[in-house]
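Okay, structure first, notes after.
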Amino acid sequence: MSHYMTGLVVRGAGTPAQLAELRLPEIGPGQVRIKVRAAGVCHSDLSMINGTLRPPHPLVLGHEAAGEVVEVGAHVTRAQVGDHVVLNWQPACRNCWYCDHGEPWLCATSHGVAALENGLTLDGAPVHVTLGLGAFAEQVVAPENAVIPVPRELPFEVAALLGCAVLTGSGAIRNTAGVKPGETVLVIGLGGVGLSAVAAARAAGAGKVIAVDVTEAKKGLAEAAGATDFVVSSDSLSKDIRDLTGKLGADHAIECVGRASTIRAAWRATRRGGQVTVVGMGAADDMVQLAALDIFSSARTLKASVYGQADTDIEVPALARDVLDGKLNLDHLITDRITLAEVPAAFDRMSRGEGARSVALL
């Protein structure tokens, strides 16, 4: 039986995203069909539109989402009809070399896949879905390892953020950087991921959390997330950070933008022996240049944090429990609650650096 629904589709690089009628594929063994109830507007989706990433088209946007299971295929064991679930855009196979060696966030079956073919437009053309999901749609069909059941008491709009922004930002602090009590943390870029990193740094006991963005308008959001200091980015950023850290620089810099210029700024603002963690997804042709002597003499470490370096099946339920127990407050992250038709306007706000997360409620 075919299911028809509305999704947000972009038909080529640089073209506007528009609502379109789509036909979902029938589910097969090991697959589930989910009614999407909330989907966050993430910068990775914007990268699919503006040419930073080059996925195939036509493309259904969206990957940070939560919903309710409405149908399960044969042999499905981890979800049943009625379950509330967070969607996982990089599910681990649990069988490859990386999974066997405790690195499911680098799973060989999902790493580097910008989009998969999954469904048809009403005129019969194949359609692709962002990061295997295409969650800016009324429903999605996904493999069962791409759904993570969460308590029904957890609001869908909050659950959606756990699947990308919160997990990515908090995982960068806990898992990749390993921030210790009393350390100084610099966070560059205050979208949903950056603000999640700020909150996680405070929760880890950081002595000073310096939040950086290009606009003063982000100061209130940064302070609500737990920042002790706020700095507007400029050419003097490294000097500004050293002025706040006894001329040393930060112990950790968390780069949440994905640009060579901000990665270099994070490097310069970190103390000798410190660590730079790159969270932002950048363009393939945006090259980062560092002097060989500087790499040696500064003794800094440069690392990437893919999906928060997290085992999603363990950490998403743990984050959900923290929210329900009052240990994790995400109220400051959602600045706009919108409809699916209003997502393109949310991309425009994101491009201008306004707000934190917009969440489409379906």
Exercise for review: Being in a loop (DSSP other than H, G, I, E, B) and over 20 Å from the mean Cα position of the chain (by Cα) is the filter; apply it to region 136-171 and report the residue that is surrounded by the most Cβ atoms within 10 Å (Cβ to Cβ).
Suggested key: E138
Exercise for review: Kindly establish whether R300 is among the basic types (K, R), surrounded by 15 or more Cβ atoms within 10 Å (Cβ to Cβ) and within 30 Å of H101 (Cα to Cα).
Suggested key: yes
Check your understanding: Is it the case that region 320-335 has a residue that's of a type outside the set (V, I, T) and closer than 30 Å to T15 by Cβ?
Key -> yes
Review point. When you go through A260, A253 one by one, which is the residue that is open to solvent by less than 40 Å² (accessible area, probe 1.4 Å) and touching a Ser or Thr at 6+ places or on another chain (Cβ under 9 Å)?
Key: A253
**Study point:** Residue within region 84-105 that is open to solvent by less than 10 Å² (accessible area, probe 1.4 Å), among the small types (G, A, S) and in contact (Cβ under 8 Å) with a residue 12 or more places away in the chain present
**Key:** no
Check your understanding: Only one of R337, R349 is in contact with a strand residue (DSSP E or B) (Cβ under 9 Å, 6 or more places away or on another chain), in contact (Cβ under 8 Å) with a residue 12 or more places away in the chain and either open to solvent by less than 20 Å² (accessible area, probe 1.4 Å) or part of a helix (DSSP H, G or I) (or both); which?
Key -> R349
Exercise for review: Please verify whether region 15-24 includes one or more residues that are closer than 20 Å to V85 by Cα and modelled with pLDDT under 90.
Suggested key: yes
Study note, to complete from the structure: Exactly one of Q275, Q309 is under 15 Å from the mean Cα position of the chain (by Cα) and in contact (Cβ under 8 Å) with a residue 60 or more places away in the chain, and that one is Q309
Study note, to complete from the structure: In region 248-267, anything in contact with an Asp or Glu (Cβ under 9 Å, 6 or more places away or on another chain) and either not in a helix (DSSP H, G or I) or not hydrophobic (A, V, I, L, M, F, W, C) (or both) is listed as A250, D251, H252, G258, R259, S261, T262
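The values are calculated or read from the model by the stated rules, or taken from the named source; none is laboratory data. Quick caveat: nothing in here was measured; it's all calculated off a predicted structure. Cβ atoms come from the backbone with ideal geometry, glycine included; neighbour counts cover every protein chain shown. The accessibility values were calculated without ligands, DNA or RNA, using every heavy atom of the protein model including side chains. Shrake-Rupley method; radii C 1.70, N 1.55, O 1.52, S 1.80 Å.
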